[in-house]
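Asker: Would you mind keeping the following structure in view while I ask a few things?
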Amino acid sequence: MSRLEEEILKILQQAEKEISGSFLAKSLQKSRTAIWKAIKRLKNKGLSIAVTSKGYLLQDKDLLPFWELPKVIEELPLWERVVYEFEVPSTMDVARSLAEDQIRAVVIAERQTQGRGRLGREWLSPSGGLWLTLILLEPMPLREAFVLPYLSALAVAEALEKSYRVTPELKWPNDVLLQGKKVAGILLELNGEADYLKFVLIGIGVNLNNPVSHLTFPQEAISVSELLGGKVDRFLFLKNLLHAFAKSYEEANWPKILSRWKELSSTLGKKVRVQTLHGSYEGLALDLDDDGALILQSQDQRIKVYSGDCFHLR
Ligand code: BT5
């Protein structure tokens, strides 16, 4: 985003009604044509700005304070850059091309038009939620990658607790729940050779101010604003999330992560059905193994499952 676009947006974001082109031109000491061109560029990037005879009105009112984002990243050596977009098909794809160029970025979008979940499922990502992908370039052994979904879900849960004083629960393998409903999902994409990872993309989607509880999904959904009954501060959550993630990734204490995950888990101790690509297993969810597998007690045998969709049974 150019400096001029940024300045225009800051003014429009604070305005209650239309702001005229001449007012913007005067305050920013630019020509009206320059203002008009900058507005056009912003619209092309996916921002909703209504243009009326009285001027410009920003329709996206809940944007993150994007001018503060570089400062947040400066405090976190794990990343070197933040890429902020209004609308993209998926932050995963933006992140992938940055990772291929060896750029350690955090990619955030206000909206995704083709947000995705696991196995190519659709992830609804309208304005108001938080949709981001974290790029990790430090190569780690492939056999340790199992910890990343747990670490990420835990960071989301910790940030939710800290930002909003809510009590999240974790559902195997990668969901964060509030009152038993899905508030966040995590998507991991790995890229590696032999037994080492070149890069990892961690997609995190959190329902914050976007209404979701009216939508029909196999697993009921909820947003933080629906739970708390009012709009919440998304920037606060973003900062807490990035700090929580970076702290626990840098600490690299995997057993501690698994045990914290178990403490917050609503899956362990429940009867569950896990649907995997190879079949469906039913049993009591006993524990997580040290290699990240879910251990199921099914009649007289113990089964280890590494991935799949989990359904809590009554
Ligand atoms: C996930 O998949 O839960 C991973 C979601 C990851 C989304 C992030 S957003 C930033 C980054 N960019 C992307 O394109 N993706 C990542 P899974 O466990 O497969 O759950 C997907 C299922 O959740 C869908 O099939 C729906 O049933 C349901 N779903 C879709 N949108 C939802 C939403 N906003 N909230 C709750 N559930 C939703």
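Asker: Can you tell me the dipole magnitude for the chain around its Cα centre, using point charges on the Cβ only (Lys, Arg +1; Asp, Glu -1), in Debye to the nearest 20? Kindly include the intermediate steps, with their values, before the conclusion.
Answerer: Values: 41 positive and 40 negative charges, 246 e Å.
Around 1180 debye, computed over the chain.
Asker: For the stretch 161-211, build the charge dipole from Cβ charges (+1 Lys, Arg; -1 Asp, Glu) around the Cα centre, then report which of Asn210, Ala184, Leu197 sits farthest towards its positive end.
Answerer: Checking the options against the dipole of the stretch 161-211, the answer is Asn210.
Asker: Which of Ala38, Ser48, Trp67 sits farthest toward the positive end of the charge dipole of the stretch 26-69, with +1 on the Cβ of Lys and Arg and -1 on the Cβ of Asp and Glu?
Answerer: Among Ala38, Ser48, Trp67, the one farthest towards the positive end of the dipole of the stretch 26-69 is Ala38.
Asker: Calculate how many DSSP beta bridges within the chain are antiparallel, expressed in % of all such bridges and rounded to the nearest 5. Provide the component values of the computation, followed by the final result.
Answerer: Working: 55 of 64 bridges.
That works out to approximately 85 percent antiparallel.
Asker: Points 7 angstrom from Cα along the Cβ direction at Asp289 and Lys262: gap in nanometres?
Answerer: That separation, rounded to one decimal, is 1.5 nm.
Asker: Give me the angle, in degrees from 0 to 90, between the Cα long axis of helix 3-14 and the longest principal axis of the Cα atoms of the chain, rounded to the nearest 10.
Answerer: Roughly 80 degrees, rounded to the nearest 10.
Asker: To the nearest µm²/s, what D does Stokes-Einstein give for the chain at 4 °C and 1.567 mPa s, using the Kirkwood radius over alpha carbon pairs as Rh? Intermediate results must be reported in sequence, preceding the final value.
Answerer: Numbers: Rh = 20.9 Å.
Translational D for this selection: 62 µm²/s.
Asker: Follow-up. Can you tell me the 0 to 90 degree angle between the C-alpha axis of helix 234-251 and the longest principal axis of the chain, rounded to 10?
Answerer: 50 degrees
Asker: What FRET efficiency would be calculated for the residue pair Lys270, Glu87, taking the C-beta separation as r and a Förster radius of 51 Å, to the nearest 0.05? Please list the in-between numbers first.
Answerer: Numbers: r = 39 Å, r/R0 = 0.76.
E(calc), rounded to 0.05, equals 0.85.
Asker: Compare Arg273, Arg104, Arg302 in a GNM of the chain, Cα atoms joined below 10 Å, and give the one with the largest fluctuation.
Answerer: Arg302
Asker: Which one of Ala159, Gln13, Gly269 is farthest out on the positive end of the charge dipole of the chain, using unit charges on Cβ (Lys, Arg +1; Asp, Glu -1) and the Cα centre as origin?
Answerer: The one lying farthest along the dipole's positive direction is Gln13.
Asker: Give me the extension gain from Lys17 to Leu277: residue separation times 0.36 nm, minus the current Cα-Cα distance, reported in nm with one decimal.
Answerer: Working: separation 260, 0.36 × 260 = 93.60 nm, distance 5.30 nm.
Gain in length upon complete extension: 88.3 nm.
Asker: Find how many whole Å separate the alpha carbon centroid of the stretch 144-193 from the alpha carbon centroid of the stretch 12-32.
Answerer: Each part's Cα centre sits 41 Å from the other's.
Asker: Can you list the aspartates and glutamates whose alpha carbon sits under 15 Å from that of Lys271, skipping same-chain ones fewer than 8 residues off?
Answerer: Straight-line reach from Lys271, under 15 Å: Glu282, Asp287, Asp300, Asp309.
Asker: Quickly estimate the mean residue ellipticity at 222 nm for the chain, helices only: each DSSP H run with n ≥ 4 gives -39500 (n - 2.57), and the total goes over all residues, rounded to 500.
Answerer: Values: 9 runs with 101 residues, N = 314.
Per the formula, -10000 deg cm²/dmol.
Asker: Also, quick follow-up: Which of these, Leu154, Leu47, Leu28, has the largest mean-square fluctuation under a Gaussian network model of the chain (Cα springs below 10 Å)?
Answerer: Of the options given, Leu28 has the highest mean-square fluctuation.
Asker: What net charge do the residues around Leu197 carry, taking every other residue with its C-beta under 11 Å from that of Leu197, with Lys and Arg at +1 and Asp and Glu at -1? Could the numbers behind the result be given before it?
Answerer: Working: positive: Arg143, Lys198; negative: Glu138, Glu144, Glu189, Glu193, Asp195.
With Lys, Arg at +1 and Asp, Glu at -1, the neighbours total -3.
Asker: Further question: For a test of understanding, tell me how many lysine pairs in the stretch 101-249 have Cα atoms under 25 Å apart, given they are 8 or more places apart or on different chains.
Answerer: Final tally of qualifying lysine pairs is 18.
Asker: Please check: in the Gaussian network model of the chain (C-alpha springs, under 10 Å), which one of Thr133, Thr276, Thr91 has the largest mean-square fluctuation.
Answerer: Thr276
Asker: Between helix 147-164 and the chain, what is the angle of the helix's C-alpha long axis to the longest principal axis, kept within 0 to 90° and rounded to the nearest 10?
Answerer: For 147-164 against the chain, the angle is about 60 degrees.
Asker: For the stretch 235-263 and the stretch 266-314, what is the separation of their C-alpha centers, rounded to whole Å?
Answerer: A separation of 24 Å, based on Cα centres.
Computed from the coordinates by the stated procedures, all read-outs in this text should not be read as laboratory data. Just so we're clear, the structure is a prediction, and the values are computed from it rather than from any experiment. Heads up, the Cβs are rebuilt from the backbone with ideal geometry, glycines too, and the neighbour counts pull from every protein chain shown.
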